[in-house]
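Note sheet for the following structure.
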Amino acid sequence: QVQLVESGGGLVQPGGSLRLSCQASGSIFRGNAMGWYRQAPGKQRELVARITSGGSTIYVDSVKGRFTISRDNAKSTVYLQMNSLKPEDTAVYYCNYPAGVLLRWGQGTQVTVSS
């Protein structure tokens, strides 16, 4: 059964950094683009970064220049390096395919940016 397991979240002060990881079971990474989503309280889930199987990346404007998505296909893991964090980045972060038929959502990892 395919599973997505996100980790690496936590409480950080504004301007701080976190690195999120998402490990997948099975062979879902192979040849597939992957994405990081986030859902803030009372808001819809949004796709903030995506990476193709070849390593090309796209970011939503609000995180450009601050977040970096990467992947390690041998480890079936996708990462999200988040720098210069802002309070508005507070959300539960999830990974999944960026389009098409999505996988079953994992539990997500909570990121809280607060002083």
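The values are calculated or read from the model by the stated rules, or taken from the named source; none is laboratory data. As the structure is a computational prediction, the values presented were derived from the model and not from experiment. Using ideal geometry, Cβ is built from the backbone for each residue, glycine included, and neighbour counts are taken over all protein chains shown. Surface accessibility is based on the protein's heavy atoms, side chains included, excluding ligands, DNA and RNA. Shrake-Rupley method; radii C 1.70, N 1.55, O 1.52, S 1.80 Å.
Summary table below
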item: Selection status of Thr112, β-branched (Val, Ile, Thr) and touching a residue at least 60 places away in the same chain (Cβ under 8 Å); result: yes
item: The lone exception for Tyr93 - which of (1) within 13 Å of Val111 (Cβ to Cβ); (2) without any contact (Cβ under 8 Å) to a residue 60 or more places away in the chain; (3) among the aromatic types (Phe, Trp, Tyr) it fails; result: (2)
item: Among the candidates Val111, Val101, residue that is open to solvent by 20 Å² or more (accessible area, probe 1.4 Å) and either assigned to a loop (DSSP other than H, G, I, E, B) or under 16 Å from Glu46 (Cα atoms) (or both); result: Val101
item: Residue in region 5-24 that is over 15 Å from the mean Cα position of the chain (by Cα) and at pLDDT below 95 present; result: no
item: Any strands (runs of 3 or more DSSP E) falling wholly within region 1-86 and containing at least 2 residues that are open to solvent by 50 Å² or more (accessible area, probe 1.4 Å) and touching a Phe, Trp or Tyr at 6+ places or on another chain (Cβ under 8 Å); result: 46-51
item: Selection within region 49-69 - free of Cβ contacts under 8 Å to residues at least 40 places away in the same chain and either among the charged types (D, E, K, R) or closer than 22 Å to Leu11 by Cα (or both); result: Ala49, Asp61, Ser62, Val63, Lys64, Gly65, Arg66, Phe67, Thr68, Ile69
